[in-house]
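Written out below as structure tokens is the structure these notes cover.
The values are calculated or read from the model by the stated rules, or taken from the named source; none is laboratory data. Predicted, not measured: the structure shown is a model, and the values here were computed from it. So basically every Cβ, Gly included, is an ideal-geometry build from the backbone, and we count neighbours across all protein chains shown. Surface areas here come from the heavy atoms of the whole protein model, side chains and all, with no ligands, DNA or RNA. Shrake-Rupley method; radii C 1.70, N 1.55, O 1.52, S 1.80 Å.
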Amino acid sequence: MQTHISDLTTKISVMEGEMDQLKKENLALQYQLTSLEHQKSDEINQLNQCRYSDMAAAEKHLNEVKHNLQESLEERTRLVESHKRMDDMIAVLRNSSAEKNAMIQSHSDELESLQQKIDSLQRINIQQTDAQKAKEE
């Protein structure tokens, strides 16, 4: 039982680390997307001075890059949502683990109490046996 709990705790830590990493990557992608949007705007202003065909080709390229980054950001967002669901499962597992620990403690307390009763009955039995022997002698 303790090994199972330890394994779950290890798995929880790994999942939390992965979740933190995905959040960091998601923020980096959002920053890159914002940066590219600003870059696109700047480049469009410069391209207005160039021929129309050159401007259209550059804009198409930037839109493709933006689209690719948007798809990547959406994938990261799906992964973050997936990890949020994992966090929910982790919370359920932690609650379950806490309940099982409480049950283990309760059973342990019961066993200790029963052991004390057995010890007491054994002492009484020994005393009665000793008294019986003394009486017979």
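Which residues, counting only those in the range 80-117, are open to solvent by 80 Å² or more (accessible area, probe 1.4 Å) and aliphatic (A, V, I, L, M)?
Selection gives M89, V92, M103, L111, L114.
Looking at the range 11-38, which of its residues are of a type in the set (S, T, N, Q), open to solvent by 80 Å² or more (accessible area, probe 1.4 Å) and more than 19 Å from S82 (Cα to Cα)?
Q32
Please tell me if S53 is assigned to a helix (DSSP H, G or I), of a type in the set (S, T, Y) and surrounded by 10 or more Cβ atoms within 10 Å (Cβ to Cβ).
Taking the combined requirement at face value, the residue does not satisfy it.
Taking the condition open to solvent by 60 Å² or more (accessible area, probe 1.4 Å), free of Cβ contacts under 8 Å to residues at least 24 places away in the same chain and over 16 Å from L8 (Cβ atoms), does K66 pass? Spell out the reasoning first.
On the way: open to solvent by 60 Å² or more (accessible area, probe 1.4 Å): yes; free of Cβ contacts under 8 Å to residues at least 24 places away in the same chain: no; over 16 Å from L8 (Cβ atoms): yes.
Against the criterion (open to solvent by 60 Å² or more (accessible area, probe 1.4 Å), free of Cβ contacts under 8 Å to residues at least 24 places away in the same chain and over 16 Å from L8 (Cβ atoms)), K66 does not qualify.
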